[in-house]
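Notes follow once the structure below has been shown.
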Amino acid sequence: MRFGFFDSDGLKLRYFEVGEGEPLILIHGLGESLEGWTFQYDEFSKHFRVVSLDLRGFGMSDVPESISVYDFASDVKNLMDFLEIESANLLGLSMGGAVCMAFFERYSERVKSLILANTLHKLPEAAKPLFEERLKLVEKASMEEIAEFIANLSIHQDREDLKDFVKTVIRKNDKEFYKKATIELAKIDFESLLPKINVPTLVLVAERDVTTPPAIGEEIARLIPNAELKMVKDSAHLAKVENPEEFNQYVLEFLKKLKAER
C-alpha cells in the first residue's frame, strides 16, 4: 500500500497504489478524490494491482487555471508512465467514465478493458434543464451547500453515514475549479467514438440514478460493440458507495472472466 505524488504536465498530483498483478486504474468523478473508492480497495486489491489518483484540481492535487477532459486523460497517462504501466484496465465513474473515453481516444493501445460506471458520453437534451439548474447552484452556493445537494442527489437510501461520507469529500473542493470542470463536462460528445471502442467493455448503471439515468448507460452499451451492461440495484449515482457489494461483484466478474480468457 503506497501513497505518493507524481508530476503531470508540471502539476503535482497524488496517487494511491495497493495490491499486485494486472493493473486496474480507478478514475473518480466530478468533485471526488481517490478516497471515493474506499469501498473498492479491499476487494479489488485481492486480485489486481489497484491504482487511483486525484485528478488535477481535486483532492490533494494541484489546481490548474484551465481544464478539459483530455487534461484528465493526460493525468492518467502520466501516472501510467510514472509507474511504468504499459497498459491497464480502466474503471471510471461519472466524469471518470468520460475521462476513460477521452483516454481511449488518445491512447487506445494502452487500454486492456473499460468499465464505464454511471457515466455519460454526451449531455442529452433532456438533461440540459437539470444541468442549468445545477450550474446556477454552483454559482450561488457555498461548497458546503453544494456537498449537501450532491449527497442527497447521489445517495438513494436513507443512510446518513453514506451522505456524510460524500459530503466530506465534496466540500473540500475549490469552488471555482469545480465550476470550470462542471462546464467542461457538459461539452463532451463521444457518440462517434463509441462504435470504435474495440476492447472489452462493461457498462454499469444504477437503478435509482437521476444524474446519469440508466437510459444513458443503455445507449452507451448499445453503441459500443459487444459491450456488457449491468444494473446495480437500490442505489443512485454513487452506486460504488451505496451498494458496493453488487458494484464490486460485477466489476470483478467481468475482469476475472477476461483474465481467464487471456
Q. What helices (runs of 4 or more DSSP H) completely inside the stretch 28-138 contain at least 3 residues that are touching a residue at least 24 places away in the same chain (Cβ under 8 Å) and buried (at least 22 other Cβ atoms within 10 Å of the Cβ)?
A. 69-82, 95-107
Q: Name the one entry in 180, 172, 163 that is outside any helix (DSSP H, G or I) and in contact with a Ser or Thr (Cβ under 9 Å, 6 or more places away or on another chain).
A: 172
Q. Can you name the condition, by its number, that residue 169 falls short on among (1) under 23 Å from residue 64 (Cβ atoms); (2) in contact with a strand residue (DSSP E or B) (Cβ under 7 Å, 6 or more places away or on another chain)?
A. (2)
Q) So residue 250 fits all but one of (1) crowded, with 22+ Cβ neighbours inside 10 Å; (2) hydroxyl-bearing (Ser, Thr, Tyr); (3) in contact with a strand residue (DSSP E or B) (Cβ under 7 Å, 6 or more places away or on another chain); what number is the exception? A) (1)
Q: Pick out the one residue from 192, 235 that is in contact with a helix residue (DSSP H, G or I) (Cβ under 7 Å, 6 or more places away or on another chain) and in a loop (DSSP other than H, G, I, E, B).
A: 235
Q: Scan the stretch 167-194 residue by residue and report those that are in contact with an Asp or Glu (Cβ under 7 Å, 6 or more places away or on another chain) and without any contact (Cβ under 8 Å) to a residue 24 or more places away in the chain.
A: 167
Q: Scan the stretch 139-157 residue by residue and report those that are assigned to a helix (DSSP H, G or I) and either closer than 21 Å to residue 216 by Cβ or touching an Asp or Glu at 6+ places or on another chain (Cβ under 7 Å) (or both).
A: 149, 150, 152, 153, 154
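Residues checked against (1) of a type in the set (S, T, N, Q); (2) under 29 Å from residue 227 (Cα atoms):
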| residue | (1), (2) |
| --- | --- |
| 95 | no, yes |
| 118 | yes, yes |
| 124 | no, yes |
| 170 | no, no |
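No value in this document is a laboratory result; all are computed from the given coordinates. The model shown is predicted, which means the values in this text are computed figures rather than measured ones. Every residue, glycine among them, receives a Cβ derived from its backbone with ideal geometry; neighbour counts consider all protein chains shown.
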